[in-house]
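The values are calculated or read from the model by the stated rules, or taken from the named source; none is laboratory data. Predicted model, so just to flag it, every value in this text is computed and none were measured. Note that each Cβ is placed from the backbone with ideal geometry, even for glycine, and that neighbours are counted across all protein chains shown.
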Amino acid sequence: MDTSKISKAAFMEVFGAESADSAASRILAQADAQDMLPLRSFIGLLEQAGEAGELVVWRKGESLHQENLGPMGEALGRCATYGEALRMFLQGFPLVQSETEVSLRVEEDEVRFAYRVLDSRIWPRRADAELTLGLMVGIGALYGVPHEAIRECAFEHDKDGESHALTRHLGVIPRFGRDENSIVVSARALSARRLPPHSEFEAAAALGRSLDDALVERRRRTPLAHRVREEILKRIGRESVAQELIVRALGLSERSLRRALAAENSSFQTILDECRRAQGFALLVRSRKPMSEIAFLLGYSDQTAFSRALSRWLGVSPRDLRKMGAEAESVIR
């Protein structure tokens, strides 16, 4: 089941001129009641677009019209500084794309914007990372932030081709095989200003409040099982996924969680197993981490417990999956 989604507005902004194509029109036909589309389908189409050239998707990201990205985009256009725009982006991004983590970290004289899709079954996703990081650079350009302010650009995927064009375009050599996709700029860039009328600054504050209201409404209409899954995916492989931590993040009690999930014919353990299966598969096939380390990252007591669980779910031993490599992708889909 595809629970990772992207807004129809964002899809149309990226593929608007091509939306009459059969592939794009089939994806648009899958819009749900909240005008959200399967993220996996969107990224697949984006990967195809990326085959046309090294900078095709990156430039598409830089040139996106943010005001067409829904309420978040409208609010972005009224922010006075680049820093405010980045914070507004983080605030409103869940309205554009679900099961995705975006963050902004200030590290001494640098600021790091990071982005990662949480669903490990969506792979490859190089083009999607380029689109989003390109969008960050494009927003910066509206505030006069030059490419010279960029200190680093990194991707979670391994290098799978040449990156000379991107190196020349950004002035930095991209790094690959990282834990997240990120772009680092000088912290001074955060204060770069636009000069819209003062009334637009006031409108930005009001739009920020409307984003909060929209997020509350989105959470209300999102099945709890999907929200639990997203919280687990944010943490799995990085920190504890204990039930008490998840319920705390969701603002619920463990009893309320059990009852609400039961009403959706689900349970915390069922969702956790699904996340462990997908993440365990990805780590086995796409990384060289020892199986004992993977078992630890997924919260198993030992490697044997992990091996038994994955063999039961997929009908193939972890060792055999690793030998199969990329050929094993069909097992998890």
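Please go through the range 142-184 and give me each residue that is among the hydrophobic types (A, V, I, L, M, F, W, C) and more than 19 Å from the chain's Cα centre (by Cα), ordered by number. Break it down into steps so the answer makes sense when it comes.
Taking the range 142-184 and keeping what is among the hydrophobic types (A, V, I, L, M, F, W, C), we get 142, 145, 149-150, 153-155, 165-166, 170, 172-173, 176, 183-184.
Selection gives Leu142, Val145, Ala149, Ile150, Ala165, Leu166, Leu170, Val172, Ile173.
In the range 156-179, the condition of being assigned by TED's automatic domain parsing to the domain that holds Leu90, closer than 29 Å to Leu39 by Cα, in contact with a Cys (Cβ under 6 Å, 6 or more places away or on another chain) and not aliphatic (A, V, I, L, M) is met by at least one residue.
Leu131 fulfils the conditions (1) in contact with a helix residue (DSSP H, G or I) (Cβ under 9 Å, 6 or more places away or on another chain); (2) at negative phi; (3) surrounded by fewer than 17 Cβ atoms within 10 Å (Cβ to Cβ); (4) in contact (Cβ under 8 Å) with a residue 12 or more places away in the chain except for a single criterion, (3).
Residues of the range 167-197 that are buried (at least 19 other Cβ atoms within 10 Å of the Cβ) and out of contact with any Lys or Arg (no Cβ under 9 Å at 6 or more places or on another chain): Leu170, Ala189, Leu190, Ala192.
For every residue, the table says whether it meets (1) touching a residue at least 60 places away in the same chain (Cβ under 8 Å); (2) assigned to a helix (DSSP H, G or I); (3) at positive phi.
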position: Arg105; (1), (2), (3): no, no, no
position: Val111; (1), (2), (3): yes, no, no
position: Arg121; (1), (2), (3): yes, no, no
position: Asp160; (1), (2), (3): no, no, no
position: Ile173; (1), (2), (3): no, no, no
position: Val185; (1), (2), (3): yes, no, no
position: Leu190; (1), (2), (3): yes, yes, no
position: Ala205; (1), (2), (3): no, yes, no
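Matching residues to (1) of a type in the set (Ser, Thr, Tyr); (2) in a loop (DSSP other than H, G, I, E, B); (3) touching an Asp or Glu at 6+ places or on another chain (Cβ under 7 Å); (4) at pLDDT below 95:
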{"position": "Gly16", "(1), (2), (3), (4)": "no, no, no, yes"}
{"position": "Ala20", "(1), (2), (3), (4)": "no, yes, no, yes"}
{"position": "Ala24", "(1), (2), (3), (4)": "no, no, yes, yes"}
{"position": "Ala33", "(1), (2), (3), (4)": "no, yes, no, yes"}
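Against the list (1) of a type outside the set (Gly, Ala, Ser); (2) outside any helix (DSSP H, G or I); (3) in the same structural domain as Gly138 (by TED's automatic domain parsing), the condition Leu86 fails is (2). Counting the residues of the range 79-113 that are more than 20 Å from Ala192 (Cα to Cα) and not aromatic (Phe, Trp, Tyr) gives 10.
The single condition from (1) buried (at least 16 other Cβ atoms within 10 Å of the Cβ); (2) within 19 Å of His147 (Cβ to Cβ); (3) not aliphatic (A, V, I, L, M) that Glu74 fails is (2).
Kindly indicate whether any position in the range 131-141 is farther than 24 Å from Glu13 by Cβ and either assigned to a helix (DSSP H, G or I) or touching a His at 6+ places or on another chain (Cβ under 9 Å) (or both). The answer is no; no qualifying residue exists.
Based on this model, can you work out whether Ala141 counts as assigned by TED's automatic domain parsing to the domain that holds Arg112 and either closer than 23 Å to Gly44 by Cβ or surrounded by 19 or more Cβ atoms within 10 Å (Cβ to Cβ) (or both)?
Details: assigned by TED's automatic domain parsing to the domain that holds Arg112: yes; either closer than 23 Å to Gly44 by Cβ or surrounded by 19 or more Cβ atoms within 10 Å (Cβ to Cβ) (or both): no.
Spelling it out, it is not the case that Ala141 is assigned by TED's automatic domain parsing to the domain that holds Arg112 and either closer than 23 Å to Gly44 by Cβ or surrounded by 19 or more Cβ atoms within 10 Å (Cβ to Cβ) (or both).
Here are Arg40, Arg59: which of them is within 21 Å of Gly134 (Cβ to Cβ), outside any loop (DSSP other than H, G, I, E, B) and touching a Lys or Arg at 6+ places or on another chain (Cβ under 9 Å)? Break it down into steps so the answer makes sense when it comes.
On the way: Arg59 fails: touching a Lys or Arg at 6+ places or on another chain (Cβ under 9 Å).
Answer to the check: Arg40.
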